[in-house]
1. Are there GluC sites (Glu not before Pro) in segment 180-269 that DSSP puts in a loop and that have at most 10 other Cβ atoms within 10 Å, and which ones?
2. Compute the separation of the alpha-carbon centres of segment 317-391 and segment 39-77 and state it in Å as a whole number.
3. Once the piece of chain linking E383 and R185 is laid out straight, how much longer is it, given 0.36 nm per residue of separation minus the C-alpha distance between them?
4. Just to be sure I understand, if you calculate Cα extents along the principal axes in Å for this structure, which of [x] 86, 47, 39; [y] 73, 57, 36; [z] 90, 69, 46 do you get?
5. Express in whole angstrom the spacing between the alpha-carbon centres of segment 190-250 and segment 79-120.
Amino acid sequence: MARIDLAESPAAVAAVEHAGTRAGWADAATGVATAIIPARGGSQGLPGKNVARVGGVPLITRAVRAALTARRIGRVVVTTDDEDIAEAARAAGAEIVERPAALAGAAASSESALLHALDAGGASAITVFIQATSPFIDPADLDAAVERVANGERDVVFAAAPTHVFLWREVGSTAVGVNHEMSHRLRRQERAPEFAETGAFYVFATDGFRDAGHRFFGRVGVQPVHPDHAIEIDDAADLERARTLAVRIDRDLGPRHPLIDVDALVTDFDGVHTDDTVMVDQLGRESVRVSRSDGHGVARLRAAGLPVLILSAEENPVVGRRAEKLGVECAQGVAAKGEALREWAAARGIRLDRIAYLGNDRGDVPALDLVGWPVAVPDAAPEALEAARHVLQSPGGHGAVRELADLILAAREHASEPGVRRAAPDPAHPRDPE
């Protein structure tokens, strides 16, 4: 296979022309492949699977973000028959191809959806087929796989995890070794690894795929991925396992930088401004630990003209004193945070979809469900993580508020650039029309 010259391909040129509207591209000219993510609405094993949340983020959104983060991918297309999936993917930055019902049934192949999306126009010389049911895709793996196809090393490269597992198969009345000799079992270090296909992604030359009609053709190569990234979600048990692993794996994959373009920030106090612990002296007086960096972040938000509100279920003088120190509004002893937030926003004429809320516990869920940017700290309760659109890297009391403040300010700077439109709200969280 000859090296594919993508520098002059129509898709590469289009990627360069479109670069100004997509955040996070260090060099738009390197985006040379088109990613296609088939995501149908129906799922017999797990209804609503493609918009189920892992680490607070819908699966389809995670897939789009991974593709957009890869430097070698210049365009991301989601082909779907489901409006909720389409809206979530569009909000994340993907283009949408409407998938016909005939290609969206349980018996329809992924190849048929890919070919339909390619025929819809705008195909590039290399296609990256990504499955949203794999939540832990490393953009660096995508880039490495695209490069191997682009330089002519392979026609197809797919994600696979190395394994030294001994495989067995029952034949008649006994079990026999599939990948080893039963009478002489080599040690791990003496065996070359085998590879288990993860289903996360497949990269191939587009013309070769069209000719073959399936994803494996010509010279096929393996792109090794970390075994922790090999999880594929087929049922509820897989989903729960992915949610358990998400905090650690997402941190290992590196921080995500969403464009949290909002007009106000509302936060819980305990577990957000603090590490959710209390120190009590011999006289019964309570004190908490806060981060100075959070104070700097809040000061920058105030300087930019963004209102900040601390909304706390606890009634404690320390909350009021901290709010006074930060120069922000504070409401304490709030049992119904959703109602209080709605009233506060209405009184100030701020749309709910233009508010970020940072929480850590189940009491924050009503407020998280109202706003355009529900955000949680990584050690939050499962209910808060499930409701979040973004999960921070920093725990409460260790710079979480500063991290979110920096993201908000970065988004405002990006939105002020010529030709950049504000991101759409997350359709998973309906907002008041006003």
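1. Passing both the DSSP loop test and the Cβ count: E181.
2. What the calculation gives is 26 Å, centre to centre.
3. So the extension gain works out to 66.6 nm.
4. [y]
5. After rounding, the separation between the Cα centres reads 20 Å.
Values in this text are rule-based calculations from the coordinates and carry no lab data. Just so it is clear, the structure is predicted and the values come from calculations on it, not from any experiment. When we count neighbours, we look across all protein chains shown, and the Cβ atoms used for this are built from the backbone with ideal geometry, even at glycine.
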